[in-house]
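Right, one structure below, let's go through it.
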Amino acid sequence: MPLFDYQCKECGEVFELMVRFSEANQAQICPKCESKNTQRQLSIVASFKVASSSSSNSSSCGTQGGYT
Ligand SMILES: [Zn+2]
C-alpha cells in the first residue's frame with residue numbers, strides 16, 4: 001500500500017498513513033487529536049530528470065564567421 005501524507009486542520013499535525021488508493025481521498029483520523037478534519041497532502045512527485053546528458057563531441061568546424 002502506498003504512503004500518503006495527511007495534515008490535520010485542527011492541530012496542524014502532519015502524518016503519514018498507509019492507505020489503499022481507494023481510501024486515499026477519504027479523511028483520515030489525526031493520530032494526535034483524533035480529529036477527522038484532515039486533508040491529504042499532495043505529495044511531491046519526484047520530478048522527472050530528463051537524461052539529456054548525452055555528451056556528443058560536437059566538433060565544430062574551426063574557422064567560421066570571421067569576426068575581425
Ligand atoms: Zn490533529
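Structural remarks
So that you can scan it fast, the table gives a plain yes or no per residue for (1) of a type in the set (Gly, Ala, Ser); (2) in a strand (DSSP E or B); (3) within 8 Å of the ligand (Cβ to nearest atom):
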| residue | (1), (2), (3) |
| --- | --- |
| Met1 | no, no, no |
| Phe4 | no, yes, no |
| Gln7 | no, yes, no |
| Glu10 | no, no, yes |
| Glu16 | no, yes, no |
| Glu34 | no, no, yes |
| Gln39 | no, yes, no |
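- Contact map, segment 6-31: first residue in contact (Cβ under 8 Å) with a residue 12 or more places away in the chain, second residue within 10 Å of the ligand (Cβ to nearest atom) and of a type in the set (Gly, Ala, Ser), Cβ cut-off under 8 Å, separation 6 or more or different chains; pairs are Cys8/Ser35; Lys9/Ser35; Glu10/Ser35; Cys11/Ser35.
No value in this document is a laboratory result; all are computed from the given coordinates. Quick caveat: nothing in here was measured; it's all calculated off a predicted structure. All Cβ positions, even for glycine, are placed from backbone atoms using ideal geometry, and neighbour counts span all protein chains on display.
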